[in-house]
Structures are given as C-alpha cells and as structure tokens.
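Colleague: This is the structure I have questions about; it appears just below.
Laboratory data are not the source of any read-out in this text; all were calculated from the coordinates shown. Computed from a predicted structure; not experimentally measured. Every residue, glycine among them, receives a Cβ derived from its backbone with ideal geometry; neighbour counts consider all protein chains shown.
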Amino acid sequence: MNTKVKKSLISFTAAASLAVTGLGVSQATTTHAATATPTAVKTNGLTYLYTSATSNAKTAGRALAANTSWAVGKAVQADNGDVFYYVGTNEWVKASDVTDSSAVTEAATDSSQSDADAVISTAKQYLGTPYVWGGKTPSGFDCSGFTSYVYQQATGKSIGGYTVAQESAGSKEAVSQASAGDLLFWGGQGSSYHVAIYLGNNQYIAAPQPGESVKISSISGYFMPSFAVKVL
C-alpha cells in the first residue's frame, strides 16, 4: 500500500469517527485528527466561527467574544496545516485565533486542592483544643475563631472573625455540593450561629460548644448544617 492511500484512509477514518459522535466536518478527505486537543481555549480577540473545520467555512456575523473561555470537544487539522477546534454544534474556531487555557485551568484546580489540603491539615493540628467563648488563638477557640484562625494560617486569607462575616468569604452552595475545605453553617443566612470546616465523606471539624474541644463530627439529621460556602 502506498503512502497516498494510507493517508486517504486515515483521513476518512478520522472523519467517520467525527460523524458518529456528532462532530461531522465537511470536505472530510482534507482533514484528519490533530495530534493534541486542549480541553479548553480562550479567545484572543473577537473570534469568528466556522461551520466546519475548513478555512472556507467561515460564518458571517457569528463570532465569540474576546477573552472568553470555551470547552473543546475535538481538534482536526486540514491538509494546509490549519488546526480547528470543535466548540459547539457546527461551530469550530481556528487554533491560531485562540490560546490553550487548559494548563491555566488545571493549575487553578491544583491550587484550590492544595489550599483545601492545607486547611484540613492545619485544622487537624488543633484537635483537642478547648472551646473558649470568643477564643481566636490555639489557647482556646470558639467556632468562628477556629475557622478564622485555620484559614489565616493555612492560606493567608482573612475570612472574618464571626459567623455572619464568614458567610461572605466565598460563594454560597448547598450542603450536598460542599467539598473538602468548604465552610458549613448552621442557621439562616445573615443569622448563622455555628460554623465548621467540611472534611469530606460527611465529616466536619469544629470547636463545638463550651465544655468540649475541637473535634471531628459526622453530619446528621439531628444537627444538620443549613448551607455551605466555598472559600477556595
């Protein structure tokens, strides 16, 4: 089998694969799978859309706004060397018009995970510390003094010194959506009376009440958090 035939078969196979997954392209024999596909891209400027992965399929009046990020479903390369990324139904962008933002996204995710691990590790260092009303140091904590101290030590971030202030330290979410390192609150928003740090696996760590010490507890229907806040 000569090189030209191999190339044609590869081109056809790539196009057939795209068609099966709903990512069909026109002029199938002029495109083939690109060697690398980013998970997301960011537009460099006003970026025109193409109805297929070819330079002559540029649409009129349809474009993506500058400096916006888009998930990429597939990458193909035309025989002339142009690479196109699939970003929606019959919507492609030229690789030269965008920047791969996958590394930035992954770095941000890794950073958040690292901060969450630091928060949890720091919090566990103070297991057994006695509850002290208004306490904000390792000699004694109340619930908000504990969360404030831990976040400051672990991340350098100030989240406020009492529960209501800490409600605004991040974005509110349902308890069922909480992830490790998030804050859990008891009471209505604007009038919360208790706060803890979620550890994952239905557990949290907190300075509970007078007569007790910092400890790990499990979420239960008997004492159910009202909402959560994602700080990291």
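Colleague: Quick one: putting +1 on the C-beta of Lys and Arg, -1 on the C-beta of Asp and Glu, what dipole do you get for the range 104-230 around its Cα centre, in Debye to the nearest 20? Let's see the in-between values first.
Modeller: On the way: 6 positive and 9 negative charges, 53 e Å.
Dipole about the Cα centre, nearest 20: 260 debye.
Colleague: Here is a further query. Calculate the length of the line joining the C-alpha centroid of the range 126-203 to that of the range 70-95, in whole Å.
Modeller: First find each Cα centre; the distance between them is then 45 Å.
Colleague: Would you list Ile120, Ile205, Ile197 from fewest to most Cβ contacts within 10 Å? It would help to have the intermediate numbers written out before the result.
Modeller: Values: Ile120 18, Ile205 23, Ile197 26.
Lowest count first: Ile120, Ile205, Ile197.
Colleague: What does the net charge come to around Tyr149 if you take all other residues with beta carbon closer than 11 Å to its beta carbon, with K and R at +1 and D and E at -1?
Modeller: On the way: positive: Lys136; negative: Asp142.
Local net charge: 0.
Colleague: List the residues, sorted by chain then number, that are 5 or more residues from Tyr48 or on another chain and whose placed amide H is less than 5 Å from its amide H.
Modeller: The answer is Leu64.
Colleague: Rank the residues Lys94, Lys172 as a footprinting-exposure proxy: fewest other Cβ atoms within 10 Å of their Cβ go first.
Modeller: Values: Lys94 18, Lys172 14.
In order of increasing Cβ crowding within 10 Å: Lys172, Lys94.
Colleague: While we're looking at this one, here's another question. Please list 174-183, 207-216 highest first by mean number of surrounding beta-carbon atoms within 10 Å per residue. Intermediate results must be reported in sequence, preceding the final value.
Modeller: Values: 174-183: 17.4, 207-216: 14.9.
Sorting 174-183, 207-216 by mean packing, highest first, produces 174-183, 207-216.
Colleague: With θ taken as phi - 60° and the coefficients 6.51, -1.76 and 1.60, list the Karplus ³J(HN,Hα) couplings across the range 124-133 in order, rounded to whole Hz; mark glycine and proline as x.
Modeller: Residue by residue, the range 124-133 yields 5, 5, 9, 4, x, 5, x, 6, 10, 4 Hz.
Colleague: Now, a different point. Tally the DSSP beta bridges in the range 104-230 and give the antiparallel ones as a percent, rounded to 5.
Modeller: Values: 21 of 22 bridges.
So the antiparallel bridges in the range 104-230 amount to around 95 percent.
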